[in-house]
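Everything below concerns the one structure shown next.
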Amino acid sequence: MDRKTSSEREVNSAASPAQPGRTAAVAPTPERVSAMPADRVVLRGGLLADWQRRNRAATIPHTIERLRAEGSLGNIRAVAETTGAEYVGRYPFLDTDVYKTLEGLAYEIGRGEADEETTAFWEEAVGLIERAQRSDGYLNSFVQNQHTAREPWSDLAWGHELYNLGHLLQAALAASRQAGDDRLLHVARRFADLAVTRFATTDDACGHPEVEMALVELTRHTGDQRYLDLAASFVDRRGHGAIPKSFFAPDYFQDDAPFRELTGLRGHAVRMVYLAAGATDVAIERGDAELLAASRRLWDDMVATRLYLTGGLGARHSDEAVGDRYELPAERSYSETCAAIGTMQWAWRLLLATGDARYGDVFERILYNAYAVALSQQGTAFSYDNPLQRRPEHRQGGGAPAGSPPRREWFVCACCPPNVIRWMAELQDHLAITTPAGVGVVVYADAEIETPQLAIDIRTAYPDDGRITVTVRRGRAGAELALRMPDWATEATVRIDGAAVPAEVGEGWLRLRRDWTPDTVVELDLPMPVRLHGAHPAVDALRGSIAVARGPVVYCAEQQDQDVPLDEIVLRTADLATARLRREPLGSQPDTEVVRITLDARAHPPVSAELYPVLGSANASGPEDTQTAEDTPTSVDLLPYRLWANREPGAMRVWLRTE
């Protein structure tokens with residue numbers, strides 16, 4: 001075991017600011033920008049720190065209990081201890097639920113925040129994984145179970161063995177970087193070496209991309225180029241029949257055309273964004289301009305035609321697919337939680353590759369909406385898919401009765417809960433970047449940031465409030481403090497030590513350069529007026545609809561807060577002038593305060609009870625009766641979309657009528 005002691009970690013964290021800290025989850029070293037070490041950005045308060053505390057106190061213990069109860073850890077034990085138990089679970093890739101959880105736990109252990117139960121699970125799981133690995137490096141509890149009639153690598157379309165390897169590698173790298181524990185890395189690297197031997201001279205690929213990101217990161221960590229070469233090969237194999245034929249068409253696997261030639265996103269949403277993130281990693285490390293251009297082209301297609309207002313991705317339930325351009329139905333939005341995380345992973349890599357702040361804009365939108373909605377306020381219930389509308393009589397899948405909560409404690413395919421855990425534990429890795437000139441703040445949060453050029457403290461109530469105060473603790477002459485200016489922000493103001501300075505923005509950044517002195521205070525004020533959004537006319541499902549947002553937060557209406565049926569509420573653009581804000585607890589949860597928005601609106605019941613009333617007829621002798629029901633004044637009370645379904649179940653809408 002290669003584990004650093006807690007005293008050694010304390011020495012490292014107290015060392016010179018120029019000394020590298022605990023390497024972040026994504027650690028490329030391009031010319032323009034690079035990721036911040038995980039211990040050089042420390043969350044001190046505010047919403048994101050609250051999320052991490054909840055993750056540590058509630059979500060991690062809950063998930064550990066479920067991993068034991070559902071048999072995920074037991075599957076590995078059956079192999080490690082040859083217990084003779086059969087594999088438990090419907091899917092052959094449940095090892096990844098353990099690996100993703102361990103990745104999150106590595107951060108808590110590295111921060112010294114893990115409790116005894118968490119540490120005990122860590123030790124137990126790592127020990128079982130070590131003992132379960134075959135002598136040749138292979139590791140998969142489904143294939144290795146004595147009751148499973150399956151040979152290694154015999155089902156590349158659905159077996160997910162390389163997908164498993166990817167998540168094992170990411171957990172192992174987190175353990176090495178955050179906790180100084182290399183035990184998992186020894187296991188994962190042996191498995192990766194086996195994969196290099198098995199796949200380096202074939203044209204095969206895994207049905208579910210993910211390993212590409214992990215292999216690139218393994219090269220960054222070890223310097224061994226074989227892993228990067230294999231990742232690059234996996235990216236370029238797709239589109240050439242790399243995936244064995246199955247009941248899904250090749251485009252489901254992104255195997256119908258080479259990645260470099262794709263004109264738009266297609267197929268399974270999570271597979272798509274994982275592949276794109278991996279391709280971006282390869283492009284960064286190899287300086288592959290063509291590959292990076294393809295990734296950016298696909299990103300632009302997604303943002304322009306396929307991304308939900310909340311940042312969710314995936315319109316179809318049947319094959320968890322992205323869907324066609326402008327296919328964005330609110331009530332049938334799939335927007336899988338893993339797709340939200342994967343899209344943020346892609347966005348972060350594009351930001352590191354280009355320095356373009358617009359990727360940070362989408363990252364932020366997903367973070368506070370499509371990702372945040374996936375977890376209950378208590379931290380022990382999750383959503384797999386995330387609709388933007390729920391009808392009063394809606395029934396959950398799996399035979400759950402009408403009125404059932406949309407979040408569940410666990411899933412048969414439980415990929416999302418552990419993914420939520422690891423991403424929550426790694427939030428600080430995705431808040432800021434270093435540049436040759438200084439530091440760039442991407443996501444605003446109460447945090448302390450330490451770089452060789454600048455050391456700063458940030459205080460803010462963001463995203464509820466747009467005022468950000470940055471205090472410089474240390475700074476080199478001429479260092480640059482770059483602050484991302486969100487695409488929704490207009491009329492921003494900046495003051496340095498109380499004196500106004502021009503808010504000149506380029507490529508989405510406000511760049512401030514000067515000879516910094518300790519205790520210099522920068523105040524950035526991003527006004528957050530309530531705004532209304534319509535939809536592109538090609539989005540048929542949203543014609544005649546309007547949505548409400550403020551800052552990076554998308555709002556929704558829940559039936560329990562309205563005086564009239566939710567489907568009858570009509571909101572017009574003129575009603576924007578009536579917007580009122582208030583801050584209050586969420587239902588009976590006094591510890592959860594929420595900024596609500598109330599607007600004047602109209603109640604407009606249906607004119608006709610007919611499903612398809614006649615509006616006109618070519619044979620009619622005169623005009624049809626166009627009499628309409630009389631509007632009744634009312635109001636609409638809105639809360640952040642991420643907080644819906646934390647009280648009694650009921651109807652919900654992000655998009656309201658506006659005709």
For this session: Would you be able to tell me the number of residues in the stretch 87-111 that are part of a loop (DSSP other than H, G, I, E, B) and either over 22 Å from SER154 (Cβ atoms) or more than 22 Å from the chain's Cα centre (by Cα) (or both)?
Result: 7
Seminar exercise, completed: The residue from GLY360, GLY342, GLY314 that alone is within 18 Å of ALA25 (Cα to Cα), touching a strand residue (DSSP E or B) at 6+ places or on another chain (Cβ under 7 Å) and of a type outside the set (Phe, Trp, Tyr) is GLY360
Problem set entry | Single residue of the stretch 468-478 satisfying the filter (among the aliphatic types (A, V, I, L, M) and at pLDDT 95 or above) that is farthest from the chain's Cα centre (by Cα) | VAL472
Problem set entry | Residues located in the stretch 253-292, provided they are touching a Phe, Trp or Tyr at 6+ places or on another chain (Cβ under 6 Å), closer than 17 Å to GLY323 by Cβ and in a helix (DSSP H, G or I) | VAL273, ALA276
For this session: Identify all residues within the stretch 311-326 that are in contact (Cβ under 8 Å) with a residue 40 or more places away in the chain and over 21 Å from GLU426 (Cβ atoms); write none if there are none.
Result: GLY314, HIS317, ASP319, GLU320, ALA321, VAL322, ARG325, TYR326
Exercise. Any residue in the stretch 513-521 that is surrounded by fewer than 21 Cβ atoms within 10 Å (Cβ to Cβ), of a type in the set (S, T, N, Q) and farther than 25 Å from ASN369 by Cα?
Worked result: yes
Exercise. For the stretch 58-86, how many residues meet the condition of being surrounded by fewer than 21 Cβ atoms within 10 Å (Cβ to Cβ), hydroxyl-bearing (Ser, Thr, Tyr) and touching a helix residue (DSSP H, G or I) at 6+ places or on another chain (Cβ under 7 Å)?
Worked result: 1
Exercise. In the set VAL607, VAL564, which member is assigned by TED's automatic domain parsing to the domain that holds SER635 and either touching a residue at least 60 places away in the same chain (Cβ under 8 Å) or buried (at least 18 other Cβ atoms within 10 Å of the Cβ) (or both)?
Worked result: VAL564
Exercise. Which of the residues that make up the stretch 133-163 are touching a residue at least 40 places away in the same chain (Cβ under 8 Å), surrounded by fewer than 21 Cβ atoms within 10 Å (Cβ to Cβ) and of a type in the set (Asp, Glu)?
Worked result: ASP136, ASP155
Problem set entry | Which listed residue is surrounded by 23 or more Cβ atoms within 10 Å (Cβ to Cβ), farther than 22 Å from GLY159 by Cα and hydroxyl-bearing (Ser, Thr, Tyr), from THR280, THR219 | THR280
Problem set entry | Single residue of the stretch 346-385 satisfying the filter (assigned to a helix (DSSP H, G or I) and either among the acidic types (Asp, Glu) or free of Cβ contacts under 8 Å to residues at least 12 places away in the same chain (or both)) that is nearest to HIS317 (Cα to Cα) | GLU364
Exercise. Are there any helices (runs of 4 or more DSSP H) wholly within the stretch 151-252 with 3 or more residues that are at pLDDT 95 or above and under 22 Å from the mean Cα position of the chain (by Cα), and if so which?
Worked result: 161-179, 211-222
For this session: Out of ARG495, ARG513, ARG473, ARG484, report the one residue that is closer than 19 Å to ARG358 by Cβ and basic (Lys, Arg).
Result: ARG484
Exercise. Within the set of pairs 6+ apart or on separate chains, which have a first residue in the stretch 462-481 that is more than 18 Å from ARG596 (Cα to Cα), a second that is aromatic (Phe, Trp, Tyr) and crowded, with 18+ Cβ neighbours inside 10 Å, and C-beta atoms under 7 Å apart?
Worked result: ILE468/TYR444; ILE468/TYR462; VAL472/TRP516; GLY475/TRP516; ALA479/TRP516
Problem set entry | Looking only at the stretch 372-408, and only at residues there that are surrounded by fewer than 14 Cβ atoms within 10 Å (Cβ to Cβ) and either under 23 Å from LEU542 (Cα atoms) or of a type in the set (Val, Ile, Thr) (or both), the one that is modelled with the lowest pLDDT | ARG395
Problem set entry | Whichever residue in the stretch 569-583 is among the charged types (D, E, K, R) and touching a residue at least 40 places away in the same chain (Cβ under 8 Å) and, among such residues, is surrounded by the most Cβ atoms within 10 Å (Cβ to Cβ) | ARG572
Exercise. (1) crowded, with 24+ Cβ neighbours inside 10 Å; (2) among the acidic types (Asp, Glu); (3) assigned to a helix (DSSP H, G or I): which one isn't true of ASP300, the others all being true?
Worked result: (1)
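The values are calculated or read from the model by the stated rules, or taken from the named source; none is laboratory data. Since this is a predicted model, take the numbers as computed values, not measurements. Note that we place each Cβ from the backbone using ideal geometry, even for glycine, and neighbour counts take in every protein chain shown.
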